[in-house]
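Trainee: Dropping a structure here in structure tokens format, bear with me for questions.
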Ligand SMILES: [Zn+2]
């Protein structure tokens, strides 16, 4: 696991510290509950603008230079997002929206790490790569493929939301 906190203002340091302190415990909770592994994981803490810049930078080795608005309509919440990189999976936590909200930080960490486990499941990375390539206008998906990809996103989202309920367990392990 690699932890990235570049381009972060002092006002977000407490949020970055909370993420840093909680990430290993959150991984343990999610890997046990979701029965999977996060694999090669990077975790970044940044502000709202930096969140999209970080994602687009991670995609560049995979898809070339792209505009963030194409990614934006696909994925992510105001609090965080998760995507594939050339070496594994990247979780980005938005310190600007999470700032001062410890419960939200913990829930977001559990939620996004769940996506990391999901993206490591058999076939998931390929499907996500095809969706992203479609969103970036590089390769087209058929209507049936797009519908299947959307169903997977919905299923993944429900699982990630359910994982948030472990936030008290996570907080207790950090106390
Ligand atoms: Zn999600």
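The values are calculated or read from the model by the stated rules, or taken from the named source; none is laboratory data. Predicted, not measured: the structure shown is a model, and the values here were computed from it. Backbone-built Cβ (ideal geometry, glycine too); neighbour counts: all protein chains shown.
Trainee: Going by what's in this entry, would residue 95 be described as away from the ligand (no atom under 16 Å from the Cβ) and within 13 Å of the chain's Cα centre (by Cα)?
Mentor: no
Trainee: Right, next: For region 133-146, does any single residue satisfy the condition of being buried (at least 22 other Cβ atoms within 10 Å of the Cβ), within 21 Å of residue 48 (Cβ to Cβ), over 12 Å from the mean Cα position of the chain (by Cα) and away from the ligand (no atom under 11 Å from the Cβ)?
Mentor: No, the conditions are met nowhere in region 133-146.
Trainee: Hey, residue 4 hits all of (1) farther than 22 Å from residue 168 by Cβ; (2) touching a strand residue (DSSP E or B) at 6+ places or on another chain (Cβ under 6 Å); (3) modelled with pLDDT of 95 or more but one; which does it fall short on?
Mentor: (3)
Trainee: Shifting gears a bit: Find the residue count for region 104-135, including only residues that are farther than 19 Å from residue 77 by Cα and in contact (Cβ under 8 Å) with a residue 24 or more places away in the chain.
Mentor: 7
Trainee: Continuing with this model, one more query. Which of the numbered conditions does residue 168 fail, given that it passes all the others? Conditions: (1) surrounded by 17 or more Cβ atoms within 10 Å (Cβ to Cβ); (2) more than 15 Å from the chain's Cα centre (by Cα).
Mentor: Every listed condition holds for residue 168 apart from (1).
Trainee: Would you confirm whether any residue within region 55-69 is in contact with a helix residue (DSSP H, G or I) (Cβ under 9 Å, 6 or more places away or on another chain) and within 16 Å of the ligand (Cβ to nearest atom)?
Mentor: Yes, because at least one residue in region 55-69 is in contact with a helix residue (DSSP H, G or I) (Cβ under 9 Å, 6 or more places away or on another chain) and within 16 Å of the ligand (Cβ to nearest atom).
Trainee: Looking at 108, 114, which is the one that is under 23 Å from residue 53 (Cβ atoms) and either touching a helix residue (DSSP H, G or I) at 6+ places or on another chain (Cβ under 7 Å) or away from the ligand (no atom under 15 Å from the Cβ) (or both)?
Mentor: Exactly one residue qualifies, and that residue is 108.
Trainee: Now a separate question. How many residues does region 1-22 contain that are without any contact (Cβ under 8 Å) to a residue 60 or more places away in the chain and not in a helix (DSSP H, G or I)?
Mentor: Final tally of qualifying residues: 8.
Trainee: Turning to a different aspect of this structure: With respect to residue 103, is the statement that it is modelled with pLDDT of 95 or more and more than 14 Å from the ligand (Cβ to nearest atom) true?
Mentor: So residue 103 passes the test.
Trainee: Return the residues of region 23-38 that are part of a helix (DSSP H, G or I) and closer than 24 Å to residue 57 by Cβ; say none if nothing qualifies.
Mentor: 23, 26, 27
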